[in-house]
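Trainee: Got a structure for you, written out below as structure tokens; questions coming shortly.
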Amino acid sequence: MPKTVRIDKYLWAVRVYKTRTLATEACRKGKVTVDEMPAKPSRSVTAGDVIQVKKMPVVYSYRVTDPIEKRVGAKIVENYVENVTPEDELIKLEMQDDFFIKRDRGAGRPTKKERRLLDDIRE
């Protein structure tokens with residue numbers, strides 16, 4: 001019989017979420033799917049399942065290689081999960097950095113003219 005583990009425990013164990021509570025909440029809110037089906041926190045995952053996690057603005061995809069319940073070190077996570085996130089999703093992360101415009105500290109709020117220029121740049 002194949003080894004199974006709860007999805008909330010697995011996502012915590014492979015460091016997708018910092019705490020198990022956050023993993024459980026994400027499942028309840030519909031941000032986690034297994035093989036394109038919404039997953040409740042008690043859903044079992046086995047080797048070969050594809051998990052999609054929505055962390056705005058990116059939808060990460062992971063393939064389960066070995067289900068585990070105990071949290072492991074960051075260096076050996078790759079033995080238990082394979083990141084199969086498409087390249088176009090990862091590009092969204094790079095684009096997000098370009099979205100925010102940096103202002104000098106202490107420069108205050110932008111004037112009307114500066115705001116118009118900022119809006120033109122974003123478009």
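Nothing in this text is a laboratory measurement; each read-out follows from the coordinates by a stated rule. Quick caveat: nothing in here was measured; it's all calculated off a predicted structure. Neighbour counts are summed over all protein chains in view; Cβ atoms, including those assigned to glycine, are modelled from backbone coordinates with ideal geometry.
Trainee: For the range 12-20, state whether one or more residues are touching a Ser or Thr at 6+ places or on another chain (Cβ under 7 Å) and part of a helix (DSSP H, G or I). Quick ask: steps written out before the conclusion?
Mentor: Step one: list which residues in the range 12-20 are touching a Ser or Thr at 6+ places or on another chain (Cβ under 7 Å), which gives 12.
Of the ones still in play, those that are also part of a helix (DSSP H, G or I) are 12.
Checked the range 12-20: at least one residue is touching a Ser or Thr at 6+ places or on another chain (Cβ under 7 Å) and part of a helix (DSSP H, G or I).
Trainee: Go over the candidates Lys9, Lys54, Lys92 one by one and state the one that is touching a strand residue (DSSP E or B) at 6+ places or on another chain (Cβ under 9 Å) and surrounded by 13 or more Cβ atoms within 10 Å (Cβ to Cβ).
Mentor: Details: Lys9 fails: touching a strand residue (DSSP E or B) at 6+ places or on another chain (Cβ under 9 Å); Lys92 fails: surrounded by 13 or more Cβ atoms within 10 Å (Cβ to Cβ).
Every option except Lys54 fails the conditions.
Trainee: Is one or more of the residues making up the range 98-119 surrounded by 11 or more Cβ atoms within 10 Å (Cβ to Cβ) and within 21 Å of Pro2 (Cα to Cα)?
Mentor: no
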